[in-house]
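The values are calculated or read from the model by the stated rules, or taken from the named source; none is laboratory data. From a predicted model like this one, the values you see are computed outputs, not experimental measurements. Every residue, glycine among them, receives a Cβ derived from its backbone with ideal geometry; neighbour counts consider all protein chains shown. The accessibility values were calculated without ligands, DNA or RNA, using every heavy atom of the protein model including side chains. Shrake-Rupley method; radii C 1.70, N 1.55, O 1.52, S 1.80 Å.
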Amino acid sequence: MFADDARDPLSDDGPRSHGRALTVLAVVAVIGAALRLPGLTSAPPGLNQDEACNAWNAWCLLKTGRDQWGEPWPVFCMRAMGEYRSTLYAYVLIPFQAVGGLNVWTTRLPAALAGVATIVVLYALAARLFGRGVGLATAALLAINPTHIQMSRWGHEGSLTPLLSALPLLALVWAGLPPSESQSPPRAWRTALAGLVAGLVCYGYPAVRLFVPALFAGLVLVTGRQWRTLLRGRSRPRGTEREGEPPGEPRLGRSHALPSGRSADAHSATRCGAVAVGIWLVTFVAAFGPLAYKHITEPERIGRRGWMTRLWEPTDGAATRVQRVVVRYAAHFGPHFLFIRGDVDEIAWSAGMGFMPWYSLPLLAVGLVVGVRRWRDSPAARVLLVAVALYPAADCLNWHHSLHALRSSAGLWALVLLAAVGLTGAARALVRRGLLGWTTAAAAAWGGPAAWETGAFLYPYFAARPQQTTVYHGHHVDLMEVCAWLRPRVDAADVILCTEADFNKPYLVVLVALQYDPARWFAEPREYVPDGAWDRCVRVGKFRFLRAAERAAPLAALRDNGRDDRVFLILRPREHALGTPVMEVARPDGEVVLTVWEVSL
């Protein structure tokens, strides 16, 4: 492996001490945490409807053991907003809500912590494949990566995708299976755990269940010789355990004297390799199989979102479908998505920022050259290039306003690792040739723009972006402010009527903001009406969520019911209302965007 070859430009001639490497990693992790954990409730501000959906379902599960539709402990998917979402993030939220309650902070904290964990996981993966120097470079590049920082700061299930898509490969290498080049026989419990990890991560965001199987298929294709060697058997003489490896630890096979005269170690290693592969396959199928079965038997349910956004029309022929997939795939490698514009959804992403920062462009180019040059003699290089080639795999079948950053994020770690290979490869090549002056100049020429670009992202993201109108309304900041005012007054009201103008699924935001009681949710009357492919909730107990044209009849019924009802109306200033507003919410630019009226009907 690269790390074992002192002559390789990717060999571990960086920090020679494991302790020093861990110290540097700790510093990098602290920097990553400092960019992900502080100000989770303000950058971005408010709460997006997707975040609210995850938070509310997790809260219902915590308090009642049922999701918002009454399904007890769903495993494969849960109905939400008209689609069927993955359940993993909701379950991750439960322990945080059990301690910190239902709020914006607990909704986003798991994503932020997962972001920090991804830094450590990528260090471990890169270090095992390419050495500690590449591992530290990978961790550092991910820590300041703008796309990953943004993903780590909101409570969408897609925020876990880079972590979930990298973990199976790390587990495979840790277990001693290809692309690991360890000469130590695999251990049964490690291979079992690696198979379980590979299957269980697929219960996350759908992009993971597309990317991970594709990655493993590609991995087997480019490391077939290693797999054949493993199945045929490999052994290592006793007494040659690596540093830190317990001597005499039980393996999948033991040495025995054979009557045929065949080497006992060779026989044991053959059996060991076959058993290791078998254990991994069994545990992977045990974990992933039920999910795959659901996709086959209930595609209209678990795959509903995919069919709603499929890239082609039902009448398109096979050639047209293939063409659209190929064109979308190729666009992921163009400069417009990678470095210029990225995803156009300004509610989720900073405007005018590519999927990767510009300073990574030369690193990616050098990393690609190094990887191609080492293709023949390095399984790690082959697997990395396959992962880079597959990074858009989860975003090639479905439509979006642009290329989709969340779906593509399954392969984000591969691009970051390729850039780290380029960084360390270029630096070591210059040092090895005695070009210290050129090394310093190159570091300054690259480091200056990298620092500037990082700063140019961080300040607008934390200071200016929360003030932007699109972000403000996309995260329901005004509605959250009204809910904070309304919370102590809810019980005194008979009816609370909320507009749907410029809101997206406002009932979910209200439920989270008011920390609604799930038992009350299930006991009170609820009403849904069709809204295309989506579920539209128009009533939750005393709350009504109505459009302007729908309010006349409910208001007339309140006037004619013979009671004196206390009614709160949450309306846009342009909408007609009765009486005098008791509260107004102004946007950061000073414009009043939401008003509350209290009337008796």
Is it the case that Val386 is open to solvent by 30 Å² or more (accessible area, probe 1.4 Å) and modelled with pLDDT of 95 or more?
no
Give me a count of the residues in the range 113-149 that are crowded, with 24+ Cβ neighbours inside 10 Å and over 20 Å from Leu169 (Cβ atoms).
0
Show the residue pairs that are 6+ apart or on different chains and have beta-carbon atoms under 6 Å apart, the first residue being within the range 295-317 and in contact (Cβ under 8 Å) with a residue 60 or more places away in the chain, the second being outside any strand (DSSP E or B) and open to solvent by 80 Å² or more (accessible area, probe 1.4 Å).
Thr309/Trp399; Leu311/Arg324; Leu311/Trp399
Kindly provide the set of residues from the range 384-441 that are more than 27 Å from Phe216 (Cβ to Cβ), among the hydrophobic types (A, V, I, L, M, F, W, C) and in a helix (DSSP H, G or I), ordered by number.
Leu423, Ala426, Ala427, Ala429, Leu430, Val431, Leu436, Trp438, Ala441
Pairs needed: first member in the range 449-462, without any contact (Cβ under 8 Å) to a residue 40 or more places away in the chain and over 15 Å from Thr147 (Cβ atoms); second member anywhere, polar (S, T, N, Q) and open to solvent by less than 50 Å² (accessible area, probe 1.4 Å); C-beta distance under 9 Å; at least 6 residues apart or different chains.
none
All positions within the range 342-383 that are open to solvent by 10 Å² or more (accessible area, probe 1.4 Å), in a loop (DSSP other than H, G, I, E, B) and either small (Gly, Ala, Ser) or over 29 Å from Gly455 (Cβ atoms) (or both)
Ala348, Ser350, Ala351, Gly352, Arg374, Trp375, Arg376, Asp377
Pull up the range 553-601, narrow it to residues that are open to solvent by less than 40 Å² (accessible area, probe 1.4 Å) and among the charged types (D, E, K, R), then point me to the one that is nearest to Lys542 (Cα to Cα).
Asp565
Output yes when any residue across the range 274-287 is modelled with pLDDT of 95 or more, of a type outside the set (Asp, Glu) and assigned to a loop (DSSP other than H, G, I, E, B), and no when none is.
no
Residues of the range 530-554 satisfying the condition of being closer than 16 Å to Val567 by Cβ and not hydrophobic (A, V, I, L, M, F, W, C):
Arg539, Gly541, Lys542, Arg544, Glu550, Arg551, Pro554
Find the residue count for the range 282-310, including only residues that are in contact with a Phe, Trp or Tyr (Cβ under 6 Å, 6 or more places away or on another chain) and either of a type in the set (Gly, Ala, Ser) or open to solvent by 30 Å² or more (accessible area, probe 1.4 Å) (or both).
3
Filter the range 1-42 for residues that are modelled with pLDDT under 95 and open to solvent by less than 10 Å² (accessible area, probe 1.4 Å); the one that is nearest to Leu417 (Cα to Cα) is Leu10
Which of the residues spanning the range 391-442 are aromatic (Phe, Trp, Tyr) and within 23 Å of Tyr205 (Cβ to Cβ)?
Tyr391, Trp399, Trp413
Six or more apart or on different chains, Cβ under 7 Å: which pairs go from a residue in the range 502-525 that's farther than 14 Å from Gly541 by Cα to one that's of a type in the set (S, T, N, Q) and part of a helix (DSSP H, G or I)? Could you list them?
Asn504/Gln49; Lys505/Gln49; Val509/Gln49
